[in-house]
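Input: a single structure, listed below in structure tokens.
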Amino acid sequence: MMLLAVGLNHNTAPVHIRERVAFAPEHLPEVLHQLTEQQYVSEAAILSTCNRTEMLCKIDSNDSTILIDWFSEFHNLRSEELAPYLYSYPELQAVRHLLRVASGLDSMILGEPQILGQLKDAYVAAKEAGTLGKLLNRLFEHTFSVAKQVRTDTAIGASPVSVAFAAVSLAKQIFTALPDHTALLIGAGETIELAARHLREKGIGRIIIANRTLARAESLVKEINGMAITLAEIPEYLAEADIVISSTASQLPILGKGAVERAIKKRRHQPILMVDIAVPRDIEPEVGDLSDVYLYTVDDLREIIDEGLKSRQEAAQQAEEIINTQAAHFMGWLRSLSAVSTIHAYRQNTDQIRAAEVRKAMRLLAAGHDPEEVIQHLARTLTNKITHSPSAIMRRAGFAGRDEFLQSARELLGIKKSELND
């Protein structure tokens, strides 16, 4: 049995690779079932976000290529194509990696809180799909507890820095007078909601939210006093937008080069800032070739994000200490599982001896023997039978000069050195 994490993220793979291996949320149940149908894979969870796609599995093999081969084949890629971008973490490394991810220490934005919610979604998806067992279920519960401890005991989340915040900061750099401008936000998830709140705080003049489901967009605009439209209505309003921020789960681009060209003409070539936070991308890369369009992807936000990280470095060091300790605690629990079957067998053997001797004692009492003698006999017999096998093994160990074994035996039996007769 081995705990194994395999995946890629914003540090190891560019956006065009990440978008090719992303899993759509609606397909996760089927994907998880396919993964656990692979030989040796008995438990599985998948985390797939803009910045990472990772598989966390319990496998009855030490061969990580089992997951890599399946991952590559599922996405119609050759293993050697993905290999340069993948990482593989076994056992303690896997636990520590998951704790770091949940605490925001492995994110593009150090300490960002959104990843914890995404990780909880991954946990729920795997639980509902029935691909979690005792090991991964315990690991996720431990992970959520540690992430909460990190948030409580450190200042890792003190600064309001996120991908959404970085996008709005970029908009403020380009358009200094935000009250005179209109923002079109595409999607209605957590990232778009954060972007809308940040824009409102910065005094944006008008916000339009476009979403596949109009009801969700309407629910969001009530809170920020904006306007809701459907994705199909985007061409009608695109020319009004000075700022476009997009973050959907669509597998195909939402905005193409042609639609943006037409909007630019209507705007008489007034510039548009477009920030595409989605993976796969919502805006065709060719849009960036157009004059008067400034297109940024999540990877382009890195420099802006780095400016807000300095205040979190000390908190991150404190968080790492917590994570190292808690990862070791979890591995201690995991190692203890190997002793469970031994403890169970030992107790079972002892119970069998006890039951047999109690039956004998009951027969003696029923035959009229002195109760005190029966009890003394029962105690001596139980003691002799329970200690016989360990005593014989220790004698053989002493004869063979296995002092380390004898030391372990004394530790196991709770025998102090002062109690020994040399």
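The values are calculated or read from the model by the stated rules, or taken from the named source; none is laboratory data. Only a predicted model underlies this, so the values are computations on that prediction, with no experimental measurement involved. All Cβ positions, glycine included, derive from the backbone under ideal geometry; neighbour counts span all protein chains shown.
Residues checked against (1) assigned by TED's automatic domain parsing to the domain that holds A24; (2) modelled with pLDDT under 90; (3) aromatic (F, W, Y); (4) in a strand (DSSP E or B):
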residue	(1), (2), (3), (4)
P179	no, no, no, no
L184	no, no, no, yes
I192	no, no, no, no
I204	no, no, no, no
A210	no, no, no, yes
E223	no, yes, no, no
P235	no, no, no, no
L238	no, no, no, no
S250	no, no, no, no
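Let's see how each residue does on (1) in contact with a strand residue (DSSP E or B) (Cβ under 6 Å, 6 or more places away or on another chain); (2) among the hydrophobic types (A, V, I, L, M, F, W, C); (3) part of a helix (DSSP H, G or I):
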| site | (1), (2), (3) |
| --- | --- |
| L364 | no, yes, yes |
| A379 | no, yes, yes |
| G398 | no, no, yes |
| S418 | no, no, yes |
| N421 | no, no, no |
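Screening the candidates I68, I59 for the property of being surrounded by 15 or more Cβ atoms within 10 Å (Cβ to Cβ), touching a residue at least 24 places away in the same chain (Cβ under 8 Å) and either more than 27 Å from A147 (Cα to Cα) or charged (D, E, K, R) (or both) yields one hit, I68. Does at least one position in the range 93-102 carry a residue that is touching a helix residue (DSSP H, G or I) at 6+ places or on another chain (Cβ under 8 Å), touching a residue at least 60 places away in the same chain (Cβ under 8 Å) and surrounded by fewer than 19 Cβ atoms within 10 Å (Cβ to Cβ)? Checked against the condition, which is being touching a helix residue (DSSP H, G or I) at 6+ places or on another chain (Cβ under 8 Å), touching a residue at least 60 places away in the same chain (Cβ under 8 Å) and surrounded by fewer than 19 Cβ atoms within 10 Å (Cβ to Cβ), the range 93-102 yields no hits at all. For the range 256-301, filtered to residues that are under 30 Å from F23 (Cα atoms), touching a helix residue (DSSP H, G or I) at 6+ places or on another chain (Cβ under 6 Å) and part of a loop (DSSP other than H, G, I, E, B), the residue that is modelled with the lowest pLDDT is V279.
Within the range 240-256, the residues that satisfy the criterion of being in contact with a strand residue (DSSP E or B) (Cβ under 9 Å, 6 or more places away or on another chain) and either touching a residue at least 40 places away in the same chain (Cβ under 8 Å) or within 18 Å of D292 (Cβ to Cβ) (or both) are E240, A241, D242, I243, V244, I245, S246, S247, T248, I254, L255, G256. When A379, A392 are checked against the criterion of being of a type in the set (G, A, S), loosely packed, with under 12 Cβ neighbours inside 10 Å and out of contact with any Asp or Glu (no Cβ under 7 Å at 6 or more places or on another chain), A392 stands alone in meeting it. Consider the range 203-238 and keep the residues that are among the small types (G, A, S) and surrounded by fewer than 17 Cβ atoms within 10 Å (Cβ to Cβ). The one that is farthest from the chain's Cα centre (by Cα) is G205.
If you go through the range 4-27 one residue at a time, how many are outside any loop (DSSP other than H, G, I, E, B), within 18 Å of the chain's Cα centre (by Cα) and crowded, with 19+ Cβ neighbours inside 10 Å? Qualifying residue count for the region: 7.
As for the range 122-138, it holds no residue that is farther than 18 Å from A44 by Cβ and either in contact with a strand residue (DSSP E or B) (Cβ under 9 Å, 6 or more places away or on another chain) or not hydrophobic (A, V, I, L, M, F, W, C) (or both).
So which residues in the range 150-174 are at pLDDT below 90, over 24 Å from S250 (Cα atoms) and outside any helix (DSSP H, G or I)? A155, I156, G157, A158, S159, P160, V161 - these are the residues of the range 150-174 that are at pLDDT below 90, over 24 Å from S250 (Cα atoms) and outside any helix (DSSP H, G or I). Within the range 54-98, the set of residues being under 30 Å from A319 (Cβ atoms) and among the hydroxyl-bearing types (S, T, Y) comprises S64, Y85, Y87, S88, Y89. Of the numbered criteria (1) assigned to a helix (DSSP H, G or I); (2) surrounded by 12 or more Cβ atoms within 10 Å (Cβ to Cβ), the one S336 fails is (2).
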